[in-house]
Amino acid sequence: MTYTPPWRRVCDCRCIIHHRLPRTTYNEPGCACTITCATQPITLLANQRGRALFLDQGGDLWHVPAMANGTWDWDNATEIDTRADVDDAGLVIGHLLRQAANVLGWSID
């Protein structure tokens with residue numbers, strides 16, 4: 001079975017914006033994708049921080065705030081600037097997610 005990166009898959013979670021379409025923009029207004037949608041890249045749920053962290057197709061680290069009832073605030077998802085010295089945790093988490101993707105054999109374009 002050949003691995004297909006998430007940004008080349010179609011939405012399977014019945015989001016009214018992306019259902020049966022690819023999703024490559026993670027902060028599109030109105031998106032209601034679940035964190036388990038086929039289009040969602042490798043993701044770390046950080047319940048203690050009320051967000052999820054994930055890598056986009058370029059390998060950049062993003063975060064999305066959690067909302068009530070297991071939904072996600074995709075309108076406010078943003079890339080984390082790991083080049084800034086402000087967020088050392090972002091550097092470590094980004095590195096670990098990239099390493100996990102490599103170990104699992106998942107390519108980041």
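The values are calculated or read from the model by the stated rules, or taken from the named source; none is laboratory data. These numbers were taken from a predicted model, which means no experiment stands behind them. Positions of Cβ are generated from backbone atoms using ideal geometry, with glycine treated the same way; all protein chains shown enter the neighbour counts. Protein only, heavy atoms only, side chains kept; ligands, DNA and RNA dropped before computing areas. Shrake-Rupley method; radii C 1.70, N 1.55, O 1.52, S 1.80 Å.
Among the conditions (1) surrounded by 11 or more Cβ atoms within 10 Å (Cβ to Cβ); (2) of a type in the set (Ser, Thr, Tyr); (3) more than 12 Å from the chain's Cα centre (by Cα), Tyr3 misses just one, which is (1).
Per-residue answers, yes or no, for (1) more than 20 Å from Gln99 (Cα to Cα); (2) surrounded by 14 or more Cβ atoms within 10 Å (Cβ to Cβ); (3) of a type in the set (Phe, Trp, Tyr):
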| position | (1), (2), (3) |
| --- | --- |
| Trp7 | no, yes, yes |
| Thr34 | yes, yes, no |
| Arg49 | yes, no, no |
| Gly59 | no, yes, no |
| Thr78 | yes, no, no |
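Asn27 meets all of the listed conditions (1) more than 11 Å from the chain's Cα centre (by Cα); (2) within 26 Å of Asp88 (Cα to Cα) but one, namely (1). Whether a residue is in contact with a helix residue (DSSP H, G or I) (Cβ under 6 Å, 6 or more places away or on another chain) and at pLDDT 95 or above was assessed, and Pro41 does not pass this test. Contact map, the range 1-30: residues that are under 25 Å from Gly105 (Cα atoms) paired with residues that are of a type in the set (Asp, Glu) and open to solvent by less than 60 Å² (accessible area, probe 1.4 Å), Cβ distance under 7 Å, separation 6+ or inter-chain. Pairs shown: Tyr26/Asp56.
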